[in-house]
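Readers should treat all values here as calculations from the given coordinates under stated rules, not as data from a laboratory. Everything numeric here is computed off the predicted structure, so don't read it as measured data. Methodologically, a virtual Cβ is constructed for each residue, glycine included, from the backbone with ideal geometry; neighbour enumeration extends over all protein chains shown.
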Amino acid sequence: MIVVLDASVPLESIVPRSGPGMQLEAQQLLVSSNLEFIAPDFFWLEVVNVLAKAVRRKQWTADDAQDALARIKRNKIEIRPNSPLLETAFRLSLFHQLAVYDMIYLALALDERVDLITADLRLFNALGAHYPVRWLGGWNPQR
C-alpha cells in the first residue's frame, strides 16, 4: 500500500512532540513492510528545518541533529517533484486557510489517490473529514 508521508511522522519518531506512545507508533509505521512511502521533494527541507531549529534553540547538538537526519534518511521514501502540485496546493491553501507547505502533501495524496498520514493533529482535524488524511494516532491501514 502506498501512502504520502508527512514530515511530521518521521520527525515524531525522532523528536516526539505528542508523547512516547506516538513516538512508538511513528517508529512502527516507518518499519512497516506493507507500506510504501512517497513525499513531495519539500519533505527533506521541512525535516532539515526542524532539526536545524532544534540546534539553534540549543535543544540538540549539531551532532545529534545530523544523527537524527541519518536515521530518517534510512527510511525508503520515494520523492516526487513539487512543481506539478503547486497549483492544487495553492488553491487548497486559499480555500482552507492553511499553509501551502501542508497543502503540498495533500495535493500529492489527491493526485496519487492515496492516503496522507500525518502526526499533525491540527492538520488532521482541519482536513480529515473531507480528504484522505489520516492521523498517526488513529492510523489503520485497513481503511
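What is the sum of charges, Lys and Arg at +1 and Asp and Glu at -1, for the other residues whose Cβ falls under 14 Å from the Cβ of Arg91? Walk me through the numbers on the way to the answer.
Working: positive: none; negative: Glu87, Asp102, Asp111.
Summing Lys and Arg as +1 and Asp and Glu as -1 gives -3.
Taking amide H atoms as placed 1.01 Å from N in the peptide plane, the amide H of Ile2 lies under 5 Å from those of Glu36, each 5 or more residues away in sequence or on another chain. The angle between the Cα long axis of helix 62-73 and the longest principal axis of the Cα atoms of the chain comes to about 40 degrees, rounded to the nearest 10.
In deg cm²/dmol, rounded to 500, what helix-only [θ] at 222 nm does the chain give when every DSSP H run of at least 4 residues adds -39500 (n - 2.57) and the total is split over its residues? Please report the intermediate quantities before stating the final value.
On the way: 7 runs with 76 residues, N = 143.
So the helix-based figure for the chain works out to -16000 deg cm²/dmol.
Between 0 and 90 degrees, the angle of helix 100-112 with respect to the longest Cα principal axis of the chain falls at about 60 degrees.
Qualifying chymotrypsin sites (Phe, Trp or Tyr not before Pro) in segment 93-131, where qualification requires a DSSP coil assignment and no more than 13 other C-beta atoms within 10 Å, are lacking entirely.
Size check on segment 65-143: the Cα extents along the three principal axes, sorted descending, read 38, 30, 23 Å. Peptides 33-39, 54-60 ranked from most to least packed by the mean count of surrounding Cβ atoms within 10 Å: 33-39, 54-60. Simple spin-label estimate for Leu45 and Thr88 gives 1.9 nm between the two label positions (7 Å along the Cα-to-Cβ direction from each Cα).
Computed across segment 2-138, the Kirkwood hydrodynamic radius from all distinct Cα-Cα pairs reaches 15.1 Å. Distant-in-sequence amide contacts of Arg134, defined by a placed amide H-H separation under 5 Å and a gap of 5 or more residues or a different chain, comprise Leu116, Ile117, Thr118.
If you take every residue apart from Phe42 with its C-beta less than 11 Å away from the C-beta of Phe42, what net charge results, scoring Lys and Arg +1 and Asp and Glu -1? Each step should come with its number before you reach the end.
Details: positive: Arg80; negative: Asp6, Asp41, Glu46, Asp102.
Cβ neighbours under 11 Å give a net charge of -3.
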